[in-house]
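What follows is one structure encoded as C-alpha cells, with my remarks underneath.
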Amino acid sequence: MQKAFKITLTPTHNQQVLINKTIGCARFVYNHFLALRKELYNTLEKTLNYNACSQQLTLLKKEIAWLKEVDKFALQNSLKNLETAYKNFFHDCQKAQGKKGVGFPKFKTKHVSKQSYKTNLTNGNIQVIENKCKLPKLGWVKFHKSQDITGKLVNVTVTRTSSGKYIASILCETEIEKYSQVTQNVGLDLGIKSYLVTSNGEVVDNPKYYKTQSRKLRKAHKKLCRSVKGSSNRVKAKIKLARTYEIITNLRDDFLHKLSTRLIKENSIICIVRGACRRQDLRVANMVKNHKLAMSISDASWSKFIAMLEYKALWHDRIVQKVGTFYPSSQTCNHCGFINPLIKDLKLREWTCPTCSNYNLRDNNAALNILGEGLKLLTAAVGAPDALNAYGESV
C-alpha cells in the first residue's frame, strides 16, 4: 500500500537556488509545450501526445543549456502533468453541462500556481538516512525528523510554500499496521456550531481556527496593504501573512487528523451523509453564497475530513458508508420514523415527535438516523439482512 510522508527540508543556500531553478524549469517546460500544442491545433488541427513532447524536449535541452542543470525527471513529470490536464479536460467535456468543473489547461505562473516538482526513484538516486534525504542533483538535504519513513521509496515531490519553506512529500510502498477489529458502529452528523455529533451522543466542538486567528490575519493584511510595492518590507509582510495562513492550516489539519484517527480506531462502520464527501453533491458552492455562513463552512473543511476517514478506513479495514444527500435525517424521528417538515428551520434545535412523543435533540437525532440508514444500505448491498456481521463483511 502506498503512503506519503511529509517532511520539512532545511536546504543550504545553493540547494535552495537549485530547487528554485528546478521549479522554474518545470514550469517553463509545461508552458512551452502547452503553447506548442495550442498553436499546432489552431493551425493544423493536430495535437502532440506525451511521447512526441518527450522527444521534442530532448531537442529543446540541446538548444537551452540551463534545462540540463536540473533534474531530468522533474521535466518529464511536468510533461506528464500536461498530458493529464488534457485528459481531464476531454473527460470533463463528456459530462452534462451543469456538472463540468475542469477547464482547459492553463499556463502556470510563479505567483499563483503551486510551486513544486516531482522526481522519481531510479538506481538509488533517492535515499533517506536518519535526518538526511538524498535527492537528484541536490545531494544530501537535511530535514526535520518527526516520524520514521518506512517502506520502499517510489517518488518525491518537493514544494516551495508561500512562506518560503521547502516541503518534501515522500511516497513509499509500505505495510501499514492495522488497528485491532472492533464491533462498534457510529453515525456522524457534521455541522458548524458543533463540528460533529455522533449517534452515541458525543459532541465534538468546532475549533474555528480561522475565526480565532482573525485578529492576526487582519493585522498582517493591514501591514501588507500599507507597505510600498517593490520594497523589502512588503516582501517581509507578504511572508508574514503567508505564515499566518499556514498556522491556521496546520492547526486545522492537526485537529482533523486526530479526530479521524480516533473515529477509525474506535469504530468498525462509520455512516455519513454522501453530500459531506463531495462538493457537487453538498452544493457547498451555493452554501457559501450565504455571507453569514460562508467563512464557517469554508473553515470546517468537511471534504478534507471525510477524505481522511476514507483513506484511513481503507488502511485499517473499516467501512465508511454514505447516506443519500437528500435523506431527511434531521426531520425524521429516530423512534417512529415520522417526518416533521418544521425542522427545516435551522433555529429549531430540539423537538418532540407529535406521533410517539419522543424527545429529539436535532443533531443527535440526525446522527442516529444516518447510522440506521447507512446500516440499512450496507445490508441491502450485501444482499440479505443476516449476511452482514458486525464488521460489515458478508458471512
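The values are calculated or read from the model by the stated rules, or taken from the named source; none is laboratory data. Note that the structure is predicted; figures quoted are calculated from it, not measured. We place every Cβ from the backbone using ideal geometry, glycine too, and count neighbours over all the protein chains shown. Ligands, DNA and RNA are stripped out before the accessible areas are found, and what is left, the full protein with its side chains, is counted by its heavy atoms. Shrake-Rupley method; radii C 1.70, N 1.55, O 1.52, S 1.80 Å.
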Do you know which residues across the stretch 61-85 are open to solvent by less than 20 Å² (accessible area, probe 1.4 Å), assigned to a helix (DSSP H, G or I) and in contact with a helix residue (DSSP H, G or I) (Cβ under 7 Å, 6 or more places away or on another chain)?
-> Leu67, Ala74, Leu75, Ser78, Leu79, Leu82
When the stretch 3-46 is examined, which residues are found to be open to solvent by 90 Å² or more (accessible area, probe 1.4 Å) and not basic (Lys, Arg)?
-> His13, Asn14, Glu39, Tyr41, Asn42, Thr43, Leu44, Glu45
Number of positions in the stretch 316-333 that are surrounded by 15 or more Cβ atoms within 10 Å (Cβ to Cβ), under 20 Å from Val182 (Cβ atoms) and of a type outside the set (Val, Ile, Thr) = 3
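Conditions tested, residue by residue: (1) acidic (Asp, Glu); (2) open to solvent by 100 Å² or more (accessible area, probe 1.4 Å); (3) over 25 Å from Arg274 (Cβ atoms).
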position	(1), (2), (3)
Val186	no, no, no
Lys193	no, yes, no
Leu196	no, no, no
Ser199	no, no, no
Val203	no, no, no
Leu217	no, no, yes
Ala220	no, no, yes
Lys229	no, yes, yes
Residue pairs within 6 Å by beta carbon, gap of at least six or interchain, first lying in the stretch 146-162 and crowded, with 18+ Cβ neighbours inside 10 Å, second assigned to a loop (DSSP other than H, G, I, E, B), listed first then second, are Leu153/Leu121; Leu153/Ile126; Val156/Ile126; Arg160/Gln115
Report, by residue number, each residue of the stretch 288-319 that is out of contact with any Gly (no Cβ under 9 Å at 6 or more places or on another chain) and either β-branched (Val, Ile, Thr) or at pLDDT below 60 (or both).
-> Val288, Lys289, Ile297, Ile306
Consider Lys229 against the criteria (1) touching a residue at least 40 places away in the same chain (Cβ under 8 Å); (2) of a type in the set (D, E, K, R); (3) farther than 24 Å from Ala300 by Cα: it satisfies all of them except one. Which criterion is unmet?
-> (1)
Positions within the stretch 233-265 being among the β-branched types (Val, Ile, Thr) and open to solvent by 70 Å² or more (accessible area, probe 1.4 Å), in sequence order | Val235, Ile247
Within the stretch 98-139, residues of a type in the set (A, V, I, L, M, F, W, C) and either loosely packed, with under 13 Cβ neighbours inside 10 Å or assigned to a loop (DSSP other than H, G, I, E, B) (or both) come out as Val102, Phe104, Phe107, Val112, Leu121, Ile126, Ile129, Leu138
In the stretch 153-246, which strands (runs of 3 or more DSSP E) lie fully inside it and hold 2 or more residues that are in contact with an Asp or Glu (Cβ under 7 Å, 6 or more places away or on another chain)?
-> 194-198
